[in-house]
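The values are calculated or read from the model by the stated rules, or taken from the named source; none is laboratory data. Given the structure is predicted, the values throughout are model-derived calculations rather than measurements. As a convention, Cβ positions derive from the backbone with ideal geometry for all residues, glycine included, and neighbour counts pool all protein chains shown. Ligands, DNA and RNA are excluded from the accessible area calculation, which covers all protein heavy atoms including side chains. Shrake-Rupley method; radii C 1.70, N 1.55, O 1.52, S 1.80 Å.
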Amino acid sequence: MSSSSERQSARTPLERVLGLFTEVRPGESAGALLLTLNVFLLLAAYYVMKPVREGLILELKGGAELKSWMSAVMTVLLVFLVPAYSSFANRVKRNRLVVSVTLFFASHLLLFWLGSSSAWIRERMGLVFFVWIGIFNMMAVAQFWAFSNDQYTEEQGKRLFALVGLGASLGSVAGSKLSAMLLPAIGLYPNLLVAGGMLAACAGLTQLAYAVNRPIREAAERAATAQEEAEDSGAGGEEEPKADARGGFSLVLSSRYLTLIAFFSLAFSMANTNGEYMLGSLFSKSAKALASAGEIPADQVGRHIGALYADFFFWVNLIGVTLQAFVVSRLVKYGGVRAALLTVPIVALTSGIAIALFPVLAVVRIGKTAENASDYSINNTARQLLWLPTSADVKYKAKQAVDTFFVRSGDVLSGLLVLVLVTWLAAPLRAFAICNLVVVMLWLGLALAITRESKKLRVAERADEETGT
């Protein structure tokens, strides 16, 4: 009987059910499901907190305008927070790092909830909470995926990350629905306590997943050690590599592969934010035109825009979850990481050309639905797979720098583009769409460069193995 047939016969009923989404081998289901539940709760907690964020910021005078400048504030803060995180990561074990930082964020929610009971504090903490939740979302999600990368070999991650990513997609949908149910029942600010409880549960699940995955992880480590010892005995032996004490930014800039990933992340973030601006602009224009024509009351413009976004997010989430459940794992299995990495920029390029030619609401809406749905599923999983071949230090520290500072920098550059083209130059939407098309082409070029660099690194690794160095 072949090894593949043996694996099929040894699978439990649960592992066969999970096989609908991706290949789960014997012994892998418990750890993978714990990670899936962990990220489900993490994303659900974020979406439970989002209404509180909006309530606090919009209570402020000029709150809607202030929101557009907060990305720059977050980016500046991340210049200091990423090195601080790297320094802490150098001193503690990885599971303790994740648990400690998660509980650290959870404790802040209790403080925010206590502060919300005072009108004087609530009026002054809107900007603070807006910046906090933006940093939390980026750092906590980056940390989760670093931990997940650390649990699996490259081969396992390529199979199991599609399942883990499904937890993130479902968590976003469930968190939004839960928030809508909780608001009439308990009000706005108690949602912070609900989210804090979810984060505490995430910390517990992290420790449990670490323990459950230990046998698989240690078996992989023993196999890797045995291979290294065999190679070292033929090459006269080598010193065991030491932990890298460099910070996240230094690690990113020291490697061409990591630098390409960083600027890839910046480019796709900028392109996505540009698209969100165009969609929001056309939604607003459409609603105001209907009000001017008397088709909707003038005081219902905001509600109409909200309804447009609700329908948009419904289709994005529905298509995204479907892609995550049934397409992502198969795309990676048969096309590899390269196919997954190139799919979304190609989708964005196609929709970008259409938008540049026909910058109207119907075209922008269809294009952004396709782009966002594939971004939240295919692109998100592909981005996590890029870190599987890297060291633990790179996973935790360099990834934190890339997924926070560089991604947020893309948002800032998008804001600057809006400022220059729209505010200062009053350029038409087509001109903005053409500029965004240039950004998308840069995104695609960086994706191609990453796949080429990854191939070079693998060739170099095989050459080292063959020469015993």
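Rolling a 1.4 Å probe across all protein chains gives residue 108 an accessible area of roughly 40 Å². Label-to-label distance for residue 312 and residue 431 is 2.3 nm, based on points extended 7 Å past Cα in the beta-carbon direction.
Computed from the C-beta positions of residue 114 and residue 284, the FRET efficiency with R₀ = 41 Å rounds to 0.65. Across the accessible surface of the chain, with the other protein chains kept in place and a 1.4 Å probe, carbon and sulfur atoms take up 66 percent. Its relative contact order, with pairs defined as Cα atoms under 8 Å and 6+ residues apart, puts the chain at 27 percent. Extension gain, residue 441-residue 424: 0.36 nm per intervening residue step, less the Cα-Cα distance, totals 3.6 nm. The listed residues 202, 435 rank as 435, 202 when sorted by accessible area, largest first, using a 1.4 Å probe. Label positions at residue 327 and residue 186, each projected 7 Å from the Cα along the C-beta direction, are separated by 3.6 nm. The mean accessible area for residues of the chain, using a 1.4 Å probe and ignoring ligands and nucleic acids, is 46 Å² per residue. Compared with the alpha-carbon gap, the fully stretched path from residue 155 to residue 218 is longer by 21.2 nm at 0.36 nm per residue. Taking Cα centre as origin and charging only the Cβ of basic (Lys, Arg, +1) and acidic (Asp, Glu, -1) residues, the dipole magnitude of the chain rounds to 920 debye. From helices alone, the chain scores -27000 deg cm²/dmol at 222 nm; the rule is -39500 (n - 2.57) for each run of n ≥ 4 DSSP H residues, then divide by the residue total. Projecting the Cα atoms of 266, 277, 149 onto the charge dipole of the chain, computed from C-beta unit charges around the Cα centre, puts 277 farthest toward the positive end. The slack in the chain from residue 295 to residue 123, taken as 0.36 nm per residue of separation less the alpha-carbon distance, amounts to 58.3 nm. For the chain, the residue among 254, 324, 426 whose Cα projects farthest onto the positive side of the dipole built from Cβ charges is 426.
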